[in-house]
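J.: Okay, handing you the structure first.
The values are calculated or read from the model by the stated rules, or taken from the named source; none is laboratory data. Only a predicted model underlies this, so the values are computations on that prediction, with no experimental measurement involved. For neighbour counting, all protein chains shown are included, and Cβ atoms are generated from backbone atoms with ideal geometry for every residue, glycine included.
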Amino acid sequence: MTSTYLLYESASGYALFHAHGLDEIGQNTEAVRSSVSDLNRFGKVVKLAAFHPFESALDALKQCNSVSEGLMTDELRSFLEINLPKAKEGKKAKFVLGLAEPKIGSNIFEETKIPCQSNEFVLELLRGVRLHFDKFIKDLKQGDLEKAQLGLGHSYSRAKVKFNVNRVDNMVIQAIFLLDTLDKDINSFSMRVREWYSWHFPELVKIVSDNYLYAKLAKFIQDKSKLAEDKIPSLTDIIGDEDKAKEIVEAAKASMGQDLSDIDLINVQQFAQRVMDLSEYRKKLYDYLVTKMNDIAPNLASLIGEVVGARLISHAGSLTNLAKCPSSTLQILGAEKALFRALKTKGNTPKYGLIFHSSFIGRASARNKGRMARYLANKCSIATRIDCFAESSTTTFGEKLREQVEERLDFYDKGIAPRKNIDVMKAAIESADNKATAMDVEEVPSEASGKKSKKKKSKSNANGEVEDGPSATANDMAGSSGSASLEDVPSIHLMTELLRRMKCASKPDKHLILIGPPGSGKGTQSPIIKDEYCLCHLATGDMLRAAVAAKTPLGVKAKEAMDRGELVSDDLVVGIIDEAVKKPSCQKGFILDGFPRTVVQAQKLDEMLEKQGAKIDKVLNFSIDDSILEERITGRWIHPSSGRSYHTKFAPPKVAGIDDVTGEPLIQRKDDTTAVLKSRLEAFHKQTKPVIDYYSKKKIVADLQAEKSPKEVTEEIQKVLSS
């Protein structure tokens, strides 16, 4: 007859019970369930066979973790082998071990061949053991067991939530919830400031549209009657526009608003200060969220953005839960109501949920949005699992996955076949390995690095070819002649740059200038030309700001000129362009946008390129009638918080003046009005005509009919550049 043993894992140690004479309490689950409450009956059948106390609280936590994961520790194995009957070799054991967890039972059987059992009958017996456990252990003081259970429970809970302080995704969930709440509150409070202060100074609303600046001005101005010419410099510092500052002063003089008492103005001022404080805190919270996302889910953040990534984690409950979701679930995460409504009414199921807020979905055409959402969800699922289960933190995979999504967009728009997933993942793994290797090398002192580089250069492979070390790779990437090292090239870009060089090796060098009025399509065509011919896109305004921020020698000079209120000289701008075109990304050429604006600038640019043995190949002139531009520009409307754009004719919202997603009102930028556009066009035609004439004499100007569709303009550009 097979005897039954019961293993009970208590907070104070392992206990082994021997159950015999089960007829006393019944042989079925119901009979045992009704008998376990009676200690006299239960104690006659179940008796303590052995007890192994834990050595310390730390040992108890270790044993508890192992049991919860279904693993048998050495202590548990030794305890069972000593106290259970020995089965004869080659014969079946005449006993069975009852456990609460079948998972650990499987592990015990695999390791020791001890037969284990876990069913309702065994669970009822163990319930009786748990109920009367303090009576089975002699010399156990009252309250000792409860204290042990409480202490182990706290230790186990702390250990479960404290794996890595920097990767606690709960902080991201709380931050994104607070960010959403702050956005709503700041918008509500800002409107209240506008309504309140408009009783006193109604004209200010039309002059200043930004909520934060409005609150700042309301706090500064206070009583409009005291606003005079001497306040113009201070107003200019606040809004950054002297003309607007003068307009505010003039409006205050002729204002139709009512006077407010001192106590009313003090309350408005205090409330405006609160709105400013909330806005500033919102900026800090956003920076905090970006930092935490880069710690917790760097690849997801690189792929889809920090805010959308945080919303996905928040909705799923944790990064682990999100990683467990199949891509089909991730695709419609956040659209559960629409899904169940569609299933109930047998209508069309939603194509996207929270990932709709990604810019990729917005950039896809209407017929491809569902496909794009499915593809993006697939990549997000991969990035999430890498972030959740990878031991080291890197953004390499997220960047590569983002490149794949960009390629998929190009495939839908232009039919360019994307790379295979296996090739991209191989490149990502190599890039991550190279990055890790480069970081290790960078930590070595420079003198030692030099010695190692020489040793690596001297090594040859089996074919007699020299195996370049990291320094040789950096030199190759930088395009220098032995003077560069790893410090000169960001290690994260080493593999990316190598792949780009391989792709672009067969492309001809191009040096292009784009000229066209606002709204002519330069911004649409620039990325296409850049990707097709492996060029770098140089916008002089962005380069100037970057040079100033980086405090380069030319940037410092430009900053000094701007601080004096002077225009940045042509020589400085050309010098900054000269620095930019020497970067590896500009090796195949460049696209200049916004420069030159005068004939003198064009001449200086030609002189600079001549020294490098290069010249401007083509000037693409985006010709378009002003009336068409007016229709394009003045019909643009945007949703301020998300950046989604609409057009009254070409891409109208479902409801006029209302955002399709949030239902919030749309706004029109002040630059997109007819009066401003006419002023900008007059200035443009006056400035650029001499420049176009200058390049026309060199016979390098190509006039493009920019009023055509973007696809037709692209085809026209390709014909021009291939001739």
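J.: Does Lys426 count as at pLDDT 85 or above and outside the structural domain of Ser318 (by TED's automatic domain parsing)?
T.: Against the criterion (at pLDDT 85 or above and outside the structural domain of Ser318 (by TED's automatic domain parsing)), Lys426 qualifies.
J.: Starting from residues that are of a type in the set (S, T, N, Q) and touching a strand residue (DSSP E or B) at 6+ places or on another chain (Cβ under 9 Å), keep the ones in region 626-662 and report whichever is modelled with the lowest pLDDT.
T.: Residue satisfying both the conditions and the ranking: Ser645.
Each row is one residue, and each column tells you yes or no for (1) in a helix (DSSP H, G or I); (2) assigned by TED's automatic domain parsing to the domain that holds His357; (3) within 31 Å of the chain's Cα centre (by Cα); (4) surrounded by 12 or more Cβ atoms within 10 Å (Cβ to Cβ).
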site	(1), (2), (3), (4)
Pro653	no, no, yes, yes
Asp660	no, no, yes, yes
Ala675	yes, no, no, no
Phe684	yes, no, no, yes
Gln687	yes, no, no, yes
Pro690	yes, no, no, yes
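J.: Checking the condition surrounded by 13 or more Cβ atoms within 10 Å (Cβ to Cβ) and free of Cβ contacts under 8 Å to residues at least 60 places away in the same chain, which residue from Gly21, Gly13 passes?
T.: None of the others qualify; the one that does is Gly13.
J.: Moving to a separate point now. Quick one: Asp38 ticks every box in (1) among the charged types (D, E, K, R); (2) at pLDDT 80 or above; (3) farther than 20 Å from Glu101 by Cα except a single one, so which number is it?
T.: (2)
J.: Do we have any residue at all in region 576-598 that's polar (S, T, N, Q), in a strand (DSSP E or B) and either modelled with pLDDT under 85 or not assigned by TED's automatic domain parsing to the domain that holds His511 (or both)?
T.: no
J.: Moving to a separate point now. Go through region 255-283 residue by residue and tally those that are loosely packed, with under 10 Cβ neighbours inside 10 Å and part of a helix (DSSP H, G or I).
T.: Qualifying residue count, region 255-283: 2.
J.: Within region 76-83, does at least one residue satisfy the condition of being closer than 22 Å to His20 by Cα and under 46 Å from the mean Cα position of the chain (by Cα)?
T.: Scanning region 76-83, I find no residue that is closer than 22 Å to His20 by Cα and under 46 Å from the mean Cα position of the chain (by Cα), so the answer is no.
J.: Just to be sure, is Gly613 out of contact with any helix residue (DSSP H, G or I) (no Cβ under 6 Å at 6 or more places or on another chain), farther than 24 Å from Ile186 by Cβ and at pLDDT below 80?
T.: No.
J.: Give the residue that is nearest to Gln687 (Cα to Cα), with candidates limited to residues of region 565-601 that are over 40 Å from the mean Cα position of the chain (by Cα) and of a type outside the set (S, T, N, Q).
T.: By that ranking, first place goes to Val599.
J.: Can you tell which of Leu71, Leu97 is more than 30 Å from Arg158 (Cβ to Cβ) and in contact with a helix residue (DSSP H, G or I) (Cβ under 8 Å, 6 or more places away or on another chain)?
T.: Leu97
J.: Further question on the same structure: Tell me the helices (runs of 4 or more DSSP H) entirely within region 330-395 that contain at least 1 residues that are of a type in the set (A, V, I, L, M, F, W, C) and farther than 20 Å from Ile313 by Cβ.
T.: 336-345, 369-389
J.: Answer yes or no as to whether Leu319 is touching a residue at least 24 places away in the same chain (Cβ under 8 Å), crowded, with 21+ Cβ neighbours inside 10 Å, closer than 13 Å to Asp169 by Cα and in the same structural domain as Asn378 (by TED's automatic domain parsing).
T.: So Leu319 fits the description; yes.
J.: Select, from Lys615, Lys604, Lys557, the only residue that is more than 35 Å from the chain's Cα centre (by Cα) and not in a helix (DSSP H, G or I).
T.: Only one candidate passes the filter, namely Lys615.
J.: Moving to a separate point now. Is one or more of the residues making up region 698-721 more than 22 Å from Gln601 (Cβ to Cβ), in contact with a Pro (Cβ under 6 Å, 6 or more places away or on another chain) and either in contact (Cβ under 8 Å) with a residue 60 or more places away in the chain or surrounded by fewer than 17 Cβ atoms within 10 Å (Cβ to Cβ) (or both)?
T.: no
J.: Okay, next question. Output the residues belonging to region 285-339 that are aliphatic (A, V, I, L, M) and more than 25 Å from Glu403 (Cα to Cα).
T.: Passing the criteria: Leu285, Ala316, Ala335, Ala338, Leu339.
J.: Here are Asn321, Asn368: which of them is in contact with an Asp or Glu (Cβ under 9 Å, 6 or more places away or on another chain) and either at pLDDT below 90 or farther than 28 Å from Asp433 by Cβ (or both)?
T.: After applying the criteria, what remains is Asn368.
J.: Look at Lys231 and say whether it is buried (at least 19 other Cβ atoms within 10 Å of the Cβ) and among the basic types (Lys, Arg).
T.: No; evaluated as a whole, the condition is false for this residue.
Yes/no per residue for (1) over 35 Å from the mean Cα position of the chain (by Cα); (2) under 20 Å from Ser641 (Cα atoms); (3) surrounded by 13 or more Cβ atoms within 10 Å (Cβ to Cβ); (4) acidic (Asp, Glu):
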residue: Ile176; (1), (2), (3), (4): no, yes, yes, no
residue: Leu179; (1), (2), (3), (4): no, yes, yes, no
residue: Trp199; (1), (2), (3), (4): yes, no, yes, no
residue: Glu203; (1), (2), (3), (4): yes, no, yes, yes
residue: Gln222; (1), (2), (3), (4): yes, no, yes, no
